[in-house]
1. What ranking do 116-126, 86-96 get when scored by the average of other Cβ atoms within 10 Å per residue, highest first?
2. Mean-square fluctuation check for the chain, GNM, Cα pairs under 10 Å: which of 18, 29, 115 is largest?
3. If the reach is capped at under 14 angstrom between alpha carbons, list the aspartates and glutamates near residue 139, excluding any in the same chain fewer than eight residues apart.
4. Report, in listed order, any pair from 49/84; 65/93; 55/101; 55/84; 55/102; 79/101 with a Cα-Cα distance greater than 18 Å.
5. Report which label in (i) 46; (ii) 32; (iii) 55 holds the value of percent of Cα pairs over 23 Å apart derived from the coordinates of this structure.
6. Go ahead and run the numbers for FRET between residue 26 and residue 49, Cβ-Cβ distance against an R0 of 35 Å, rounding to 0.05.
7. Choose one of 95, 48, 80: the residue whose Cα lies farthest towards the positive end of the charge dipole of the chain (beta-carbon charges +1 Lys, Arg; -1 Asp, Glu; about the Cα centre).
8. Rolling a 1.4 angstrom probe over the protein heavy atoms, how many square angstrom per residue are accessible across the chain?
Amino acid sequence: MNRSYRNRCCDQRGFTLIEIMVVVVILGILAAFVVPKLLDRPEEARRTKAGVDIKAIEGALGLYKLDNGYYPSTEQGLKALVSKPEVGRIPTKYPDGGYLKKVPVDPWSHDFIYISPGTRGDFDLISYGPDGEPGGEGKDADVRNWELE
């Protein structure tokens with residue numbers, strides 16, 4: 001065997017325990033700063049989706065009013081957009097297939113809250129957010145139709 005090959009082969013060394021620990025500590029420090037920022041993104045995306053869903057429901061409610069001259073009552077709820085109501089004021093111009101394919105839920109799998117007439121307009125449409133409870137602040141804050149742009 002060639003002597004220079006053997007010297008190169010045998011002179012190679014691995015990382016010391018100290019070097020490995022320094023790298024692990026550096027990665028830990030980086031993860032401490034990066035991971036929280038990445039974890040906030042899904043919640044932000046859910047809040048945005050809730051707003052988009054509320055706008056879509058508002059559009060369907062607008063079509064319902066255009067056809068019938070009024071919004072569904074609170075008692076009829078958002079189900080009135082999927083199938084013709086059988087209680088309260090029965091619409092006379094209800095299209096086959098309704099206005100939506102199914103009653104939507106918010107991104108946290110809670111029902112949207114629909115109140116008609118609303119306290120802030122013709123109707124109030126609310127998602128209670130991740131906690132599913134009225135009110136809340138920060139990430140638990142409600143998403144309300146009258147607060148959307």
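The values are calculated or read from the model by the stated rules, or taken from the named source; none is laboratory data. Not measured: the values here are computed from a predicted model. No Cβ is skipped: glycine too gets one built from the backbone with ideal geometry, and neighbour counts run over all protein chains shown. Side chains are part of the model used for accessible areas, which takes the heavy atoms of the whole protein and leaves out ligands, DNA and RNA. Shrake-Rupley method; radii C 1.70, N 1.55, O 1.52, S 1.80 Å.
1. Output ranking for 116-126, 86-96: 116-126, 86-96.
2. Of 18, 29, 115, the Gaussian network model singles out 18 as fluctuating most.
3. Answer for residue 139, where 14 Å is the Cα cut-off: 40, 43, 44, 131, listed by chain and number.
4. Working: 49/84 27 Å; 65/93 10 Å; 55/101 16 Å; 55/84 21 Å; 55/102 16 Å; 79/101 10 Å.
Those over the limit are 49/84; 55/84.
5. (iii)
6. Values: r = 36 Å, r/R0 = 1.03.
Computed FRET efficiency for residue 26 and residue 49 comes out at 0.45.
7. Of 95, 48, 80, it is 48.
8. 72
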